[in-house]
Amino acid sequence: MHKPAFSEKNNPYAAKQARYYALGLLTIVYSFNFIDRQLLAILQEAIKEDLLLSDGQLGLLTGFAFAVFYVTAGIPIARWADGSNRRNIVALALAVWSGMTALSGLVQNYWQLLLVRIGVGVGEAGGSPPSHSMISDIFLPHQRASALGFYSMGVNFGILFGFLFGGWLNEYFGWRVAFMVVGLPGVLLAVILRFTLAEPIRGLTDNRVASDSSTSFTGVLAVLWKSRAFRHLAAGVSLNAFVAYSASNWNASYMIRSHGMSTGELGTWLALIIGVGGAIGVFGGGLVSDRLARKDKRWYVWVPVIAGVIATPFVVLVYLAQDPYQALLCMLVPSMMANVYLGNAIAITHALVGIRMRAMASAILFLFLNIIGLGAGPWTVGIVSDYLGTQYGVESLRYAMLFVLAPVGIWSICHFYLASLTLRDDLLRAPD
């Protein structure tokens, strides 16, 4: 244990109000991340008709095309963040992805839209890893899963406003206006972040000085990969995200095609179900886990196991439902359980590495999560839907999601449980 070279006197986050302001502002930034990302899901039926696209093209647009550039850019940005001012990086990233979202409303064909969405992905790569690292330096270790769970509610707040605004803006003004109206405010938020948020002191809440440990991708990956618990955690997180991203990207299209709902009404329903319900789940998961983990750290992975067991039967019921409102009500349970793991997984990953490895560790965790979850998930469902089209016609998307999502969800549960078997020992071997 190193003797700290700092004190609470020069800590910009000594006051509770400062800590909560930082957490709240970073959560709003993360919400804009998902507003800009999720907006495409509620608009894609209108875009498909306007630009004459297939489900496979839509799946690529919302999946691999975004994810590959998101995770590729995330690695060098995370290394930059582990040695530089993280606040400035987040502010710059926010300005880039918001500007690219606004430009999405000006595209004239599929390839232009693909390039702009790649730009959104590159910008968003600079959002989460530096923010995770800042939050871990602002809050004490036993508060981190709760704090990171609160931050992760940005996923659901973003989905809420993305569906709500996107649905009604599309219905009254069209999809192009929706992109521009949603994208531009993020540029103003980037200025507010840059000039009102302080850079945290690294290691202060751990009572440790940040060492000169390698923050290279290979160096941090080597540290993480020694942990059997992390390997299973990464698999569980990625497969859970496969299901969650597939559902969030395709549920709107499923409800429009199979149940004939309008984008305005549907956007309102999905905003409440995925936005509010999911926010309760992700924050509750971190809060409950922090309390239970004071006695046994394995609760950080046992809670996602329980959430997965509860959610899986309802995933099946969503796609068997013949009534739209029955489908929406069944959707509430898996939506609440979908991201319960998120704050826990980030907190565990940070606990397994050194202080100057945290942004890179988050980037590595999100590399697995986004390539398998965001990349492969929506694209796989789109390809399977195209394949089933000759047999099921307009219902092909319903059966693609039914056949794919529940088995992958069960697979995810198994990996979370396997992570619990070595978690305590792996945490004891973590570097300073």
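The values are calculated or read from the model by the stated rules, or taken from the named source; none is laboratory data. This is a predicted model, so every value here is computed, not measured. Note: ideal-geometry Cβ built from the backbone for every residue, glycine included; neighbour counts use all protein chains shown.
Assorted remarks:
The rows are residues; the columns are (1) under 21 Å from the mean Cα position of the chain (by Cα); (2) surrounded by 22 or more Cβ atoms within 10 Å (Cβ to Cβ).
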position: F217; (1), (2): yes, no
position: F230; (1), (2): yes, yes
position: L233; (1), (2): yes, yes
position: A241; (1), (2): yes, yes
position: Y245; (1), (2): yes, yes
position: G278; (1), (2): yes, yes
position: L292; (1), (2): no, no
position: V301; (1), (2): yes, yes
position: P304; (1), (2): yes, yes
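- Single residue of segment 81-101 satisfying the filter (in contact with a helix residue (DSSP H, G or I) (Cβ under 8 Å, 6 or more places away or on another chain) and either at pLDDT below 90 or of a type in the set (S, T, N, Q) (or both)) that is surrounded by the fewest Cβ atoms within 10 Å (Cβ to Cβ): G83
- Selection within segment 111-161 - part of a loop (DSSP other than H, G, I, E, B), farther than 28 Å from W269 by Cβ and of a type in the set (G, A, S): A125, G126
- Filtering segment 126-160 to residues that are at pLDDT below 85 and either surrounded by fewer than 24 Cβ atoms within 10 Å (Cβ to Cβ) or over 23 Å from R86 (Cα atoms) (or both) leaves P141, H142, N156, I159, L160.
- The residue that is nearest to A14 (Cα to Cα), counting only those in segment 189-210 that are in a helix (DSSP H, G or I) and modelled with pLDDT of 80 or more, is T196.
- Condition met for C330 (over 20 Å from the mean Cα position of the chain (by Cα), closer than 24 Å to R291 by Cα and surrounded by fewer than 24 Cβ atoms within 10 Å (Cβ to Cβ)): no
- Check on L388, part of a helix (DSSP H, G or I) and either over 26 Å from H232 (Cβ atoms) or over 20 Å from the mean Cα position of the chain (by Cα) (or both): yes
- Look at segment 157-168: where a residue is within 10 Å of L272 (Cα to Cα) and a partner is modelled with pLDDT of 85 or more and of a type outside the set (V, I, T), sitting 6+ places away or on another chain with Cβ atoms under 6 Å, you get F157/S31; F163/L270.
- Residue in segment 60-75 that is of a type outside the set (D, E), buried (at least 22 other Cβ atoms within 10 Å of the Cβ) and under 18 Å from W175 (Cα atoms) present: yes
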